[in-house]
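**Q** Mind having a look at this structure? Questions to follow.
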Amino acid sequence: MTETVTQYRPAGDAGKGDTGKGGWGAGRRRAKAARDAEFTAFVEAAGTRLRRSAYLMCRDWHLAQDLAQQTFAKMYAAWPRLRTGTNLEAYSRKVLMNLIFDQRRRRSASEVVVAELPDHAGRADGSPELRLALVEALARLSVEDQAVLVLRHAEDHSIETVAMILGVSESVVKMRTARALTRLRALLGDDLDD
Amino acid sequence: MEPDLCRRFEVAVSADPGADPGEMARVAMVEGGRIRQRRRMGVAGSAAAVVAVAMAVGFANTTVRDGGGGAKPTDLVAAAMRPPAPECSPDPVADGATDAVIYLSEPTDRELAEVGRELEGDSRVGALVFESRGDAYERFVALWADSPDFVAAVRPESLPVSYRLRLNDRDAFAGFSREYAEKPGVAQVVGRVCPAGAPVGGVL
């Protein structure tokens, strides 16, 4: 049996011959299925880390989930353009950080993505003190400082990649990281120094 | 202290309640599809232009890796942000390019002028267009109109200035590119193979 093969169309022609609205050929449907499979694989590979980074930025797992979800939706909307060769990890961090920066800009400083620091007397799971100390110290830093620390030290991205994600120069990343570390160290009472 | 900090970050996220990634992907596809739909209806004009260049535009893949491999972020951003003209070779070529873009990263005025003077006096160069940082930013914003997040994150000063040109003889490219890549202020020379009617430089 002969298969219908969709002709490769150079990008410049896109839109011109696009008359068959709703009349998707089998080839196009297959292409979409392949794209969606790629996208799903990307979400499966990147989802957990992205959500955890979001959590470090906002201290709330529900919100982190929501931010990750929004990030992936935005990426899916741009997927046909993104998927080939894009550094998807870096792109996803850029989208996430922009979402967070946007939210903080819109809300008042006191009403940051997640509100005041909780007094976590009620938390009984594991050793909340140890777990929360860093997150709460982080929350007292500016959002820019949080971002460089999360990207550089929780995610271990290179300075070059962080610069790309945040849209600043490498020297700004270096300076901001050093400054943020100093502040974090002060907040944690120097106990980061082994 | 870095290894310690890294470990503490691990501890900090150890209460992760988890999430179903398959579900996350499914929801993202539904919502992402809606975003795309809205855009298509909202900005039909620019959407068409974006579709036309919907190709391998990545953060990193469009730069020529020249052994050194140490391209600066501005170069990466620039190369990625300026998609090749649809009629040109999508990927940069090392020789045989008809068109080239010479990116300058934070050049001094003198370096910028010097490169311009040399290009004007260079018999290998046919057409020559200078693109300022402002021009570059304007083009970038127009091209990425459907990704406001992305646009918001890129500042004009992170885009390099460039000379875009067409060579009279494509066989001259390899030598030409080697020569100009060495010049002070030049970050990168990116060549593409384009047909006659393509935009000078081979990028949009």
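What follows is calculated from the coordinates using simple rules that are stated; it is not laboratory data. Because the structure is predicted, anything quoted here is derived from the model rather than measured. Using ideal geometry, Cβ is built from the backbone for each residue, glycine included, and neighbour counts are taken over all protein chains shown.
**Q** Can you put B:C194, B:C6, B:C88 in order of Cβ neighbours within 10 angstrom, beginning with the fewest? Before the final figure, lay out the partial values.
**A** Values: B:C194 22, B:C6 14, B:C88 25.
If I rank by nearby Cβ atoms, fewest first, I get B:C6, B:C194, B:C88.
**Q** Of B:Y137, A:Y55, how do they rank once you tally other Cβ atoms within 10 Å and put the fewest first? Please report the intermediate quantities before stating the final value.
**A** Values: B:Y137 18, A:Y55 26.
Ordered by Cβ neighbours within 10 Å, fewest first: B:Y137, A:Y55.
**Q** Hey, another quick one. Taking the Cβ of B:G175 as the centre, find all other residues whose Cβ is under 12 Å away and add up their charges (Lys, Arg: +1; Asp, Glu: -1).
**A** Taking every Cβ under 12 Å from that of B:G175, the sum is -3.
**Q** Quick one: if you stick a label point 7 Å off each Cα along the C-beta vector at A:R35 and A:R49, how many nm between them?
**A** 2.5 nm
**Q** Please compute the contact order of segment B:82-197 in relative form: average sequence separation of alpha-carbon pairs under 8 Å and at least six residues apart, divided by the residue count, as a percent.
**A** Here the relative contact order equals 52 percent.
**Q** Identify the residues of segment B:179-193 with backbone N under 14 Å of a label point that sits 7 angstrom from the Cα of B:R110 along the Cα-to-Cβ direction, or state none.
**A** Residues B:184-185 fall inside that zone.
**Q** Here's something else I'd like to know. Just to verify a number: FRET efficiency for B:A127 and A:D66, C-beta to C-beta distance, R0 = 51 Å, to 0.05?
**A** Computed FRET efficiency for B:A127 and A:D66 comes out at 0.50.
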